[in-house]
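A short worksheet on the structure shown next.
The values are calculated or read from the model by the stated rules, or taken from the named source; none is laboratory data. These figures come from a predicted structure and were not determined experimentally. Glycine also receives a Cβ, built like all others from the backbone with ideal geometry; neighbour counts cover every protein chain displayed. Only protein heavy atoms, including side chains, enter the accessible area calculation; ligands, DNA and RNA are left aside. Shrake-Rupley method; radii C 1.70, N 1.55, O 1.52, S 1.80 Å.
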Amino acid sequence: MDEKTSMSKSKAKREARRKEVEKIQQKKRLTKISGIAVIAVILLAVLGVIGKQVYTMAIRTTPASDYSAGLSLDGTIENVEALPLLTLADYQNISVPDDAVAATDEEVQNQIDQLLASYEALSTDENLEIADGDVVNIDFDGTVDGAAFEGGSSENAGYDLTIGSGTFIEGFEEQLIGRRPGEELTVEVTFPEDFRNAELAGKDASFAVTVHGIMVTPELTDEFVAQNLAETEGVSTAEQYRAKVENDFYEAHLGEYLTNYMMENSDVVSYPEDYLQIKKSLLKYEDNTGDDIENEIAYEKELTERAKEDVKEDLVYQAVFESAGLTLDMEAFQEKLTAEYGAGYTENLKASFGEADMAHNCLRQTVRDYLVGLYR
């Protein structure tokens, strides 16, 4: 091998070695870059999580239970004039369809039936006969083979039994049908084979029964109305009471129709931010979510929309109140509550929700009565 050939081979080896080193270094650089990229992605992910947590904490609503917060003692939103904040529907020119507000025969009769049911009382009239579906008051003493058994006696405490309910052993209730108050009878029955008390299962039993009376629901008559409703309802005949119930439903439907119309046809221009936040806090308190919110950002968005609906409603009521120049009569409002719900009711409301909230409810009722008065 000559010197030139030897040098050529040496140069080739050095070139191969240079390329190998360069390849190794390039691989190291790529590995380093790849590592940096991974670290960057991780950092971005961490920063994203932290950013989301910071954002969530920033928008998170704190629940609060002060229903008088943000309200003045005159029932209005504190430091807010409602009229400039919305485009108020024309409440003096609403077309009200009769079929949307008229009382139905069904609801009137249901109201009367509920009233009469509240006057249901035990009758001892011996001319009455027990019928299927009646509620009767009885006493009973049962024996098996001439001996008393546990649970077989009413112990003279009187027992209200609905005939046909299947409460007692099969055949017991049916044997009372046709009987009258004051009657005493013996009811013969047989315990079922699968009765829960194995000692009584399949055995014949005898019950000495005394019928004390039958629960009777009164009818709506002039006599009933004069005796029970004249003072509280201001009516003296059955016809007058039915007409009053019809009118009460008509006014309730009319009030609902008018207020719904006002809400649907009024638009908020600007929401009072402080009051909106108060409403959000109250709604979250009522939701009682605790730590069970899966997606807080979505929840806060939905909470804001609900709060806006509540604020809009309050603004519309207040705007009508302002526009019509209405005033509150808190004394009359509280007297009405007391008459409907009893003494101490208003004081309990004040203690639970505050005086400003009560005034706010008075404002809403005042507006509702005003609107109904325009179309009645």
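Of all residue pairs spaced 6 or more apart or on separate chains, those with beta-carbon atoms under 8 Å, a first member in the stretch 343-363 that is hydroxyl-bearing (Ser, Thr, Tyr) and a second member that is open to solvent by 20 Å² or more (accessible area, probe 1.4 Å) and assigned to a helix (DSSP H, G or I) are TYR345/LEU337; TYR345/THR338; THR346/GLN334; THR346/LEU337; THR346/THR338. Scanning the stretch 196-223 for residues that are touching a residue at least 40 places away in the same chain (Cβ under 8 Å) and under 30 Å from THR338 (Cβ atoms) gives THR217, PRO218, LEU220.
Would the stretch 68-79 turn up any residue that is closer than 30 Å to ASN228 by Cα, open to solvent by less than 60 Å² (accessible area, probe 1.4 Å) and modelled with pLDDT of 95 or more? It would help to see each step written out before you state the result.
Taking the stretch 68-79 as the starting set, the residues that turn out to be closer than 30 Å to ASN228 by Cα are none.
No, the stretch 68-79 contains no residue that is closer than 30 Å to ASN228 by Cα, open to solvent by less than 60 Å² (accessible area, probe 1.4 Å) and modelled with pLDDT of 95 or more.
Could you list all residues from the stretch 304-349 that are among the basic types (Lys, Arg) and either touching a strand residue (DSSP E or B) at 6+ places or on another chain (Cβ under 8 Å) or more than 17 Å from GLY70 (Cβ to Cβ) (or both)? If you could, list the steps in order and put the result at the bottom.
Restricting attention to the stretch 304-349, the residues satisfying the condition of being among the basic types (Lys, Arg) are 306, 308, 312, 336.
Passing the criteria: LYS308, LYS312, LYS336.
Each residue in the stretch 269-288 was checked for being assigned to a loop (DSSP other than H, G, I, E, B) and open to solvent by 30 Å² or more (accessible area, probe 1.4 Å), and 4 pass. If the condition is being touching a Phe, Trp or Tyr at 6+ places or on another chain (Cβ under 8 Å) and touching a residue at least 60 places away in the same chain (Cβ under 8 Å), then the stretch 295-311 contributes only ILE297.
Give the residue that is most open to solvent (accessible area, probe 1.4 Å), with candidates limited to residues of the stretch 189-213 that are aliphatic (A, V, I, L, M) and more than 47 Å from the chain's Cα centre (by Cα).
The initial filter retains those residues of the stretch 189-213 that are aliphatic (A, V, I, L, M), namely 189, 198, 200-201, 205, 208-209, 211.
Retained after the next criterion (residues that are more than 47 Å from the chain's Cα centre (by Cα)): 205, 208.
Values: ALA205: 2, ALA208: 56 Å².
Out of the qualifying residues, it is ALA208.
Note on the stretch 92-124: among residues that are in contact (Cβ under 8 Å) with a residue 60 or more places away in the chain and of a type outside the set (A, V, I, L, M, F, W, C), the one that is most open to solvent (accessible area, probe 1.4 Å) is GLN92. Restricting ALA343, ALA351, ALA319 to residues that are hydrophobic (A, V, I, L, M, F, W, C), assigned to a helix (DSSP H, G or I) and open to solvent by 60 Å² or more (accessible area, probe 1.4 Å) narrows the list to ALA351. When ALA332, ALA298 are screened for being open to solvent by less than 60 Å² (accessible area, probe 1.4 Å) and under 29 Å from LEU83 (Cα atoms), only ALA332 passes.
Restricting the stretch 291-308 to residues that are of a type outside the set (D, E, K, R) and under 19 Å from the mean Cα position of the chain (by Cα), the residue that is nearest to SER270 (Cα to Cα) is ALA307. ILE293 meets all of the listed conditions (1) assigned to a helix (DSSP H, G or I); (2) crowded, with 16+ Cβ neighbours inside 10 Å but one, namely (1).
Looking at VAL311, is it closer than 30 Å to PRO97 by Cα, open to solvent by less than 60 Å² (accessible area, probe 1.4 Å) and of a type in the set (A, V, I, L, M, F, W, C)? Considered against the rule, which asks whether it is closer than 30 Å to PRO97 by Cα, open to solvent by less than 60 Å² (accessible area, probe 1.4 Å) and of a type in the set (A, V, I, L, M, F, W, C), VAL311 comes out as yes.
Could you list, in sequence order, the residues of the stretch 354-367 that are in contact with a Leu (Cβ under 9 Å, 6 or more places away or on another chain) and in a helix (DSSP H, G or I)? Step through it out loud before you land on a result.
Initially, the stretch 354-367 is screened for residues in contact with a Leu (Cβ under 9 Å, 6 or more places away or on another chain), giving 354-363, 366-367.
Across the stretch 354-367, the qualifying residues are GLU355, ALA356, ASP357, MET358, ALA359, HIS360, ASN361, CYS362, LEU363, THR366, VAL367.
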